[in-house]
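A short worksheet on the structure shown next.
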Ligand code: SF4
Ligand code: FES
């Protein structure tokens, strides 16, 4: 009798080749982003307590190992963001009101938006620092 | 006849004959030969028992899909020269049950295609076969890319979700659903949405994107699925915010 052979990729699919592994890593970057969000929320929480607690926590964030962690998280966040921007055009309808939207335009808009928000944040932080 | 040869490592499976094995064949190398030519050489001159599917030999019928050195490929479009010096490993498409050698069972795929009603559905269809439904080039342009699919199933072999979730409708069928949903002549969108919005439909996709990478016809099924997700989310909020509006 016929016994068809099972050849499904299964749970270890991401170990099969480089491009699967990159996708897996890209998804895993969200863990770093989550960690940074938690660290930031803790910072806000400590800011509501006495100065000593706050300063101790701030020193902890500035510990060389933590700085390395922040840099890795930042690199991952950038990678995730850029790869997201690059695939966004295919996820959007190809036409708006009967006109084709060039992929480069959609990508450009996102990068411009990111640059604008970053600039505004920098200005705001600089303004808060100056006053 | 050329004086160079290339080694093919071919996956063999005969269900009545134990587990799968790899068998090596030495075939002539020609610059303009594709993997399918080499397989046909094996079948005609070395080992007539080797089973595989093919038909058009020109990237149209979609029946010659196999793993070539681990990549889902149309063997009639995979040149030997791109895989030299070899050996070239030829296996059946992954994620599908193997019937024999390089032949996979496509019944599951055919059922999934059937689920999404891949044809024009008309509510006002009164059986008049001479009715004309006019379409402008702009309307055609909305779905044309998604209509280029040749059902070769390479995208199913590339999709890790298919490899884990048996019932996932999968890239080609979901792209085809989107193709008909975007067609100005079609009226079956609601019927299709009921299928593609269920658990095994679009939401199972995590946008790995490999399906679009391997697609020989540049259908971009991953894009089609994300577009359907966006539309689905939009419709949901529209219904939530305007409960008095009729479900269209
Ligand atoms: S979407 Fe592309 S890869 Fe998938 S079956 Fe159609 S033609 Fe083949
Ligand atoms: S033989 Fe028809 S697509 Fe390859």
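Picking from A:81, A:118, which residue would you name as being surrounded by 12 or more Cβ atoms within 10 Å (Cβ to Cβ) and at pLDDT 85 or above?
Details: A:118 fails: surrounded by 12 or more Cβ atoms within 10 Å (Cβ to Cβ).
One residue alone meets the criteria, A:81.
Please enumerate the residues belonging to segment B:144-157 that are within 9 Å of chain A (Cβ to nearest Cβ) and within 16 Å of residue B:223 (Cα to Cα).
Pass one, segment B:144-157, residues within 9 Å of chain A (Cβ to nearest Cβ): B:145, B:157.
Passing the criteria: only B:145.
Filter segment B:160-174 down to the residues that are buried (at least 24 other Cβ atoms within 10 Å of the Cβ), more than 11 Å from chain A (Cβ to nearest Cβ) and not in a helix (DSSP H, G or I) and list them by number.
B:169, B:170
Please name all residue pairs, on different chains or six or more residues apart, with Cβ atoms under 6 Å, provided the first residue is in segment A:1-25 and is within 7 Å of chain B (Cβ to nearest Cβ) and surrounded by fewer than 13 Cβ atoms within 10 Å (Cβ to Cβ) and the second residue is at pLDDT 85 or above and not in a helix (DSSP H, G or I).
Between residues of segment A:1-25 that are within 7 Å of chain B (Cβ to nearest Cβ) and surrounded by fewer than 13 Cβ atoms within 10 Å (Cβ to Cβ) and residues that are at pLDDT 85 or above and not in a helix (DSSP H, G or I), the close pairs are A:2/B:15; A:3/B:15.
Condition first: within 15 Å of ligand 2 (Cβ to nearest atom) and touching a helix residue (DSSP H, G or I) at 6+ places or on another chain (Cβ under 7 Å). Now tell me which residues in segment B:40-57 satisfy that.
Correct list: B:52, B:54, B:57.
Which residues, counting only those in segment B:111-133, are within 19 Å of residue B:156 (Cα to Cα) and surrounded by fewer than 13 Cβ atoms within 10 Å (Cβ to Cβ)?
Pass one, segment B:111-133, residues within 19 Å of residue B:156 (Cα to Cα): B:111-118.
Hits for segment B:111-133 are B:111, B:114.
This table checks each residue for (1) in a helix (DSSP H, G or I); (2) in contact (Cβ under 8 Å) with a residue 12 or more places away in the chain; (3) surrounded by 12 or more Cβ atoms within 10 Å (Cβ to Cβ).
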{"position": "B:8", "(1), (2), (3)": "no, yes, yes"}
{"position": "B:15", "(1), (2), (3)": "no, yes, yes"}
{"position": "B:22", "(1), (2), (3)": "no, yes, yes"}
{"position": "B:30", "(1), (2), (3)": "no, yes, yes"}
{"position": "B:44", "(1), (2), (3)": "yes, no, no"}
{"position": "B:48", "(1), (2), (3)": "no, no, no"}
{"position": "B:51", "(1), (2), (3)": "no, yes, yes"}
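If I filter segment B:160-171 for residues that are near ligand 1 (Cβ under 10 Å from one of its atoms), closer than 24 Å to residue B:207 by Cα and touching a residue at least 60 places away in the same chain (Cβ under 8 Å), do I get at least one hit? Steps first, please.
Going residue by residue through segment B:160-171, those that are near ligand 1 (Cβ under 10 Å from one of its atoms) are B:170-171.
Adding the requirement that they be closer than 24 Å to residue B:207 by Cα leaves B:170-171.
Applying the additional criterion that residues be touching a residue at least 60 places away in the same chain (Cβ under 8 Å) yields B:170.
Checking segment B:160-171: at least one residue is near ligand 1 (Cβ under 10 Å from one of its atoms), closer than 24 Å to residue B:207 by Cα and touching a residue at least 60 places away in the same chain (Cβ under 8 Å).
Kindly indicate which of B:60, B:68, B:35 is within 14 Å of another protein chain (Cβ to nearest Cβ) and either within 16 Å of ligand 2 (Cβ to nearest atom) or farther than 27 Å from residue B:221 by Cβ (or both).
Working: B:60 fails: within 14 Å of another protein chain (Cβ to nearest Cβ); B:35 fails: within 14 Å of another protein chain (Cβ to nearest Cβ).
None of the other options fit; the residue is B:68.
Checking residue B:205 against (1) farther than 25 Å from residue B:123 by Cα; (2) surrounded by fewer than 22 Cβ atoms within 10 Å (Cβ to Cβ): exactly one of these is not met. Which one?
Residue B:205 satisfies every listed condition except (2).
Taking segment B:134-148, which residues are within 16 Å of ligand 2 (Cβ to nearest atom) and surrounded by 23 or more Cβ atoms within 10 Å (Cβ to Cβ)? Walk me through it before giving the result.
Here is the first cut: in segment B:134-148, the residues within 16 Å of ligand 2 (Cβ to nearest atom) are B:148.
None; the set is empty.
Condition check: away from chain A (no Cβ under 14 Å), crowded, with 20+ Cβ neighbours inside 10 Å and outside any loop (DSSP other than H, G, I, E, B). Does residue B:177 satisfy that? Break it down stepwise before answering.
Working: away from chain A (no Cβ under 14 Å): yes; crowded, with 20+ Cβ neighbours inside 10 Å: yes; outside any loop (DSSP other than H, G, I, E, B): yes.
Spelling it out, residue B:177 is indeed away from chain A (no Cβ under 14 Å), crowded, with 20+ Cβ neighbours inside 10 Å and outside any loop (DSSP other than H, G, I, E, B).
Give me the residue from segment B:126-159 that is within 13 Å of ligand 1 (Cβ to nearest atom) and not in a helix (DSSP H, G or I) and, out of that set, farthest from the chain's Cα centre (by Cα). Even if it seems obvious, please write down each step before you answer.
Residues of segment B:126-159 that are within 13 Å of ligand 1 (Cβ to nearest atom), as a first pass: B:145-159.
Adding the requirement that they be not in a helix (DSSP H, G or I) leaves B:149-153, B:159.
Working: B:149: 7, B:150: 7, B:151: 4, B:152: 4, B:153: 3, B:159: 10 Å.
Residue satisfying both the conditions and the ranking: B:159.
Sort out which residues of segment B:94-124 are in a loop (DSSP other than H, G, I, E, B) and touching a strand residue (DSSP E or B) at 6+ places or on another chain (Cβ under 7 Å), and write them in order of number. Full working, then the answer.
Of all residues in segment B:94-124, those in a loop (DSSP other than H, G, I, E, B) come to B:94-97, B:101-102, B:105-106, B:116-124.
Within segment B:94-124, B:94, B:96, B:97, B:101, B:102, B:105 qualify.
Return yes or no: is residue B:195 away from chain A (no Cβ under 13 Å), surrounded by fewer than 22 Cβ atoms within 10 Å (Cβ to Cβ) and more than 16 Å from ligand 2 (Cβ to nearest atom)? Before the answer, list the steps.
On the way: away from chain A (no Cβ under 13 Å): yes; surrounded by fewer than 22 Cβ atoms within 10 Å (Cβ to Cβ): yes; more than 16 Å from ligand 2 (Cβ to nearest atom): yes.
Taking the combined requirement at face value, the residue satisfies it.
The values are calculated or read from the model by the stated rules, or taken from the named source; none is laboratory data. If you're wondering where the values come from, they're calculated on a predicted model, not measured in any experiment. Using ideal geometry, Cβ is built from the backbone for each residue, glycine included, and neighbour counts are taken over all protein chains shown.
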